[in-house]
2 protein chains.
Amino acid sequence: MPDDFETMWRDLAPVGRAAGGGYFRQPYAAAERELRAWFAEQCEARELVVEADGDGNLLGWWHPPGGSADRAVLTGSHLDSVLDGGAYDGPLGVVSSLAAVDLLRERGVAPARPLAVAAFAEEEGSRFGVACLGSRLAVGATTPEAARELRDRDGVALLDAMAAAGVEPGLGRASWLDRVGCAVELHVEQGRDLVHRERAVGLASVMWPHGRWRFDFAGEANHAGATRMEDRHDPMLTYAMTVLAANKQARLAGARATFGRVAVEPNGTNAVPSLVSAWLDARADTSASLEELVAGVARQAGERAERDGTRLEVTPESVSPEVAFDATLTARLAGLLGDAPAIPSLAGHDAGVLAAAGVPTAMLFVRNPTGVSHSPAEHAETVDCLQGVVALADALEELLR
Amino acid sequence: MPDDFETMWRDLAPVGRAAGGGYFRQPYAAAERELRAWFAEQCEARELVVEADGDGNLLGWWHPPGGSADRAVLTGSHLDSVLDGGAYDGPLGVVSSLAAVDLLRERGVAPARPLAVAAFAEEEGSRFGVACLGSRLAVGATTPEAARELRDRDGVALLDAMAAAGVEPGLGRASWLDRVGCAVELHVEQGRDLVHRERAVGLASVMWPHGRWRFDFAGEANHAGATRMEDRHDPMLTYAMTVLAANKQARLAGARATFGRVAVEPNGTNAVPSLVSAWLDARADTSASLEELVAGVARQAGERAERDGTRLEVTPESVSPEVAFDATLTARLAGLLGDAPAIPSLAGHDAGVLAAAGVPTAMLFVRNPTGVSHSPAEHAETVDCLQGVVALADALEELLR
């Protein structure tokens, strides 16, 4: 008998958890490998046929007993986490999908079309810098050529990391994509919209356009004591002003801009830096306003670079346009789920990649009491999670008819 | 026959040099170990008796043939570098000291008192965070108890690093200190004072008060997309404002303030940071103005922290008061060296630690054409370096009478 939701959740709790409580489940590293193995075991316990594509994604297939020529319903989410992240972002969707399969079987549902439970690879982009890397490769939004160039912070190439994790790499559009007819991903909410609406479960309306840009501020290394302030070309100053400018512009525009990652060379206390590299994460409600936001930040940074005698280079690393989830599908599920509200998602998701690739897709959100995410403090109440499982099972039952 | 200046210089050139041209000679790591072994060999080739104290410092003793009850003259400098540093800062003084010994012997000088050539450990503080750690331990300015707590960025304890490098640790005031009567350190200039004065060699007048303070900005990790700007407690903003405030205050005060080192947690592109730790390097012409500068920066940082909903903790890691080099000794050497000018040093030096401990001490500076230091681009012309060797030999000959 397969494990139930709470048992699965308890089993995953210690995997990749640091002493401080945060999760470090980087793709293809030890903890995530353990999660992948766990996922395959859970699929096998449910007689779901495990398929590994060459992009690092795993799918567990529930085929109708008599076979079916219809395209599948895909559900699932991802297992990787940001650095020092929470337990829910990703795994909640995977565990809920497996629990929903159990619930459908308890209800005696005989699917009229196949169901696939997916665990997508590198959704967070925390290791190779491209968010939703697995799903993007699978739909062709990231090319194998671009993926082959990807390196992690230690210089390890994606293909080498995959091989070291026992994943046979075969980068490129996945064959399963043509076997999928629609998709539903369940995810913990990363905000407090459902708290304000006093609902345990909601649906996604759109996914804001978003992306990440690398800002390289180059200056001149020098002695922090002996070099006069006016003789310096200190890129830390340019960076600092850019951080404040990005924050201010995002607030004025009702958008989001964050510098959460920075790398300094040589990063010595008594040396003016030669290089500050920092990553801008920006999101806005339209692609035009996102472009305007990033261009505005880059312009202010460039002006300050001129004053500081430093040089600025801005490189877009991944930019995603607005994605509207399937309106018909979302309305159908909203009706089914007691008029569940549809709220915008400011985070990116594999479901958004599938939707952008033309797969009719919907998303379910589970209430997050504090709204905190990408943090060890990320949380959802078990009672809400169980409501999420029921809602997902209801949605899948409807779609599998 | 021992190697001459240019041969020694050539031999050291590749040690710890990265592909980009910068030097990584962190104390007790591979490159610096090689330099220590090289120093011992060079001493032995000159029949200088090598003494290793328990603080990581090495001394090569030239004892007068008939013995002497007089206290020694100490010269030398350090072999370690900042991260991605230059070739001259430190090694120039050590190599020049050895070359000066050769020159004195060529001149037939028979010392009337002992000479010690020192290679001090961890002058830059680039590994364990305390500048002049070796000399500070030797004079008792840093206690063994405090040193035992020191860890490098990877969590390696000082004592373990010393042991791994084959250094028998015996932290504490060094016995050789009572055998030293005066000291002269030669160092590459870290500024362009001598360029403006059109002199190849100068002397130090005072060493500015200086120190390093760790600023820990604590906030709340959160999702970079889903968290509204107004709901954040983003320590990167507090840090950014502090960088700009420090720069502005230092410029207004004619002082120096630098944030060249920063560490972010979790340092992920799509996460608002939970913690930004940054190190302030500050220097001013008096201890009072240094205190005022750091207090001013901390006050502005604290005010901004309140606005950002973040928390600030400031920890002084090492603070050195103003050090005046020995006026009598400096005047005597200035006369000897053709009225060499005396200029303030804005960098810290082991010679300053000795001077503060009551050892009559002087410093020689060799011209730096660009003033650049703590950078791979740090440079001095060979002709100036050779003039430095002659000046040091002249000074030592005078003092060894």
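Values as computed for the structure displayed
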item: Of A:VAL359, A:GLY371, B:PHE5, farthest towards positive along the dipole that unit charges on Lys, Arg, Asp, Glu beta carbons give the protein assembly as shown; result: A:GLY371
item: Heavy-atom accessible surface that B and A bury in contact, both chains counted, 1.4 Å, Å² to 100; result: 4900 Å²
item: For segment A:192-232, residues shielded by at least 10 square angstrom of accessible area compared with the chain on its own, probe 1.4 Å; result: A:ARG212, A:GLU220, A:ALA221, A:ASN222, A:HIS223, A:ALA224, A:GLY225, A:ALA226, A:ARG228, A:MET229, A:ARG232
item: Exercise: per-residue mean of other protein chain Cβ atoms within 10 Å, A:116-125; result: 1
item: Over 42 Å [Cα-Cα, chain B], rounded percent; result: 15 percent
item: Label-point separation, A:ALA40 to B:GLU230 (7 Å along Cα→Cβ), nm; result: 5.0 nm
item: Segment A:215-319 - charge dipole about Cα centre, Lys and Arg +1 at Cβ, Asp and Glu -1, debye rounded to 20; result: 340 debye
item: Per-residue ³J(HN,Hα) for segment B:160-177, Karplus 6.51 cos²θ - 1.76 cosθ + 1.60, θ = phi - 60°, Hz, x for Gly and Pro; result: 5, 5, 5, 4, 5, 8, x, 8, 6, x, x, 4, x, 3, 8, 5, 5, 4
item: Only Lys, Arg (+1) and Asp, Glu (-1) charged, at Cβ; chain B dipole about Cα centre in debye; result: 600 debye
item: Dipole-positive endmost among A:PRO235, A:ASN247, A:GLY219 within segment A:215-319 (Cβ charges, Cα centre); result: A:ASN247
item: A:ALA377 paired with A:ALA331, simple spin-label distance in nm, labels 7 Å along Cα-to-beta-carbon; result: 4.0 nm
item: Segment B:215-319 - Rg over Rh from alpha carbon coordinates, Kirkwood radius; result: 1.02
item: Surface share of carbon and sulfur [accessible, 1.4 angstrom probe, percent] for chain A; result: 49 percent
item: Förster-model FRET efficiency, 45 Å R0, B:LYS248 and A:ARG107, C-beta, rounded to 0.05; result: 0.10
item: Peptide B:241-252 - average C-beta neighbours from other chains (10 Å radius); result: 3
item: Chain B: relative contact order in percent, alpha carbon pairs under 8 Å with at least 6 residues between; result: 22 percent
item: Position B:GLU145, label points 7 Å along Cα→Cβ, spacing to each other copy in nm (shortest first, one decimal); result: 6.6
item: Inter-centroid distance (Cα atoms) of segment B:190-218 relative to segment B:24-40, Å; result: 25 Å
item: Long-range amide H partners of B:VAL50 with built H, under 5 Å; result: B:TRP61
item: Segment A:341-384 versus segment A:97-134: alpha-carbon centroid distance in Å; result: 14 Å
item: Coil-residue GluC sites (Glu not before Pro) of segment A:118-175, DSSP, other Cβ within 10 Å capped at 15; result: A:GLU149
item: Helix-only CD estimate at 222 nm, as mean residue ellipticity for chain A, using -39500 (n - 2.57) per DSSP H run (n ≥ 4); result: -11000 deg cm²/dmol
item: Per residue accessible area in Å² of segment A:361-401, where ligands, DNA and RNA are left out and the probe is 1.4 Å; result: 30 Å²
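The values are calculated or read from the model by the stated rules, or taken from the named source; none is laboratory data. Worth saying up front: this structure is predicted, and the values here are computed from it rather than measured. Methodologically, a virtual Cβ is constructed for each residue, glycine included, from the backbone with ideal geometry; neighbour enumeration extends over all protein chains shown. Surface accessibility is based on the protein's heavy atoms, side chains included, excluding ligands, DNA and RNA. Shrake-Rupley method; radii C 1.70, N 1.55, O 1.52, S 1.80 Å.
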